[in-house]
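Take a look at the structure set out below.
The values are calculated or read from the model by the stated rules, or taken from the named source; none is laboratory data. These figures come from a predicted structure and were not determined experimentally. No Cβ is skipped: glycine too gets one built from the backbone with ideal geometry, and neighbour counts run over all protein chains shown. SASA here: full protein model, heavy atoms, side chains in, ligands and nucleic acids out. Shrake-Rupley method; radii C 1.70, N 1.55, O 1.52, S 1.80 Å.
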Amino acid sequence: RWWLLAAAWLALLVLGIWGFVRQADHLGIDVPFLDQLYFTLQLAALSYDGPDEAINWQLQIARFAAPLLAAGTLLQSASVVFREQFARWRAGRARDHTIVCGLDGVGSRLVDALVADGRRVVAIETDPSSAGIASARAAGVPVVVGDPTDTSVLRDARVDRATRVVAATPADGVNVAIASALRSMPQRSGRSPLRCSVRLTDGDLAHLLRSTELSGGDPIRVEFFNVHER
């Protein structure tokens, strides 16, 4: 979109300057190039300071296209600036959804599979430059950028109304910490226990933790899994 906007602005500048040059030639006046550029840029603010005579078709198009292009650029800029706030607002409206923490290869494939199955999904990713964020957003999934071990981030993803949390980051320690953070949060009144699936790359660790107290009891039901085992 940014490349398209840049190309549109370039075309507008060419059209506007061309129109002012033709107008000056028609009226027999000498208008410096910088003035022509300035007059063209002013069109974006619905301001036309050129002569009222000999307004050619280039200027007519530029006069109407410039404010529309300026509005489009403003909206595109706002969508980037407020993208995170909009994602958190969408996440705040989720209910009976699955929260996927981590958008690396495993997390991204899991999000795609859940969406294809018709499930509601909210994702949490620590790295704002992760390629998985763009992939999830393209699938219509709101992404909360933040630390999934932080209870405030989990609240932003509406863990109180979720049915399952999948801790799928590449780090075993982070995934276990996510489960611990969930257990430290207040109990959910009137709802079934939250299911938490914890991805562990170490198969022996997954086997060991299945027998610990962390994997049992309300209000969180924790399940440890190893992708290679499965």
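General observations
- Anisotropy class of the chain from Cα gyration tensor, a/c 1.5 cut: prolate
- Rounded to the nearest 10 Å², the accessible area of Arg83 at probe 1.4 Å: 110
- Note on the stretch 156-203: dipole from Cβ charges, positive end direction compared against Ala168, Pro193, Ser180; the farthest Cα belongs to Pro193.
- Computed with every protein chain present, the accessible area of Glu229 is close to 110 Å² [probe 1.4 Å].
- Highest average packing first - 41-47, 192-198, Cβ atoms within 10 Å: 192-198, 41-47
- Separation of the Ala6 and Val115 label points, Cα + 7 Å toward Cβ, nm: 2.7
- From most to least packed by mean Cβ count within 10 Å, the peptides 149-155, 176-182 give 176-182, 149-155.
- Karplus-based coupling profile of the stretch 157-164, in residue order and whole Hz: 7, 6, 5, 5, 10, 7, 9, 8, with θ = phi - 60° in 6.51 cos²θ - 1.76 cosθ + 1.60 and x standing for Gly or Pro.
- Accessible area in the full protein assembly, largest first, 1.4 Å probe, for Ser79, Ser184, Ser108: Ser184, Ser79, Ser108
- Taking the longest Cα principal axis of the chain as reference, the axis of helix 172-184 is set at about 80 degrees.
- D_trans [Stokes-Einstein, Kirkwood Rh over alpha-carbon pairs] for the stretch 87-179, 20 °C, 1.002 mPa s, µm² s⁻¹: 170
- Cα long-axis angle, helix 83-92 against the chain (0 to 90 degrees, to the nearest 10): 40
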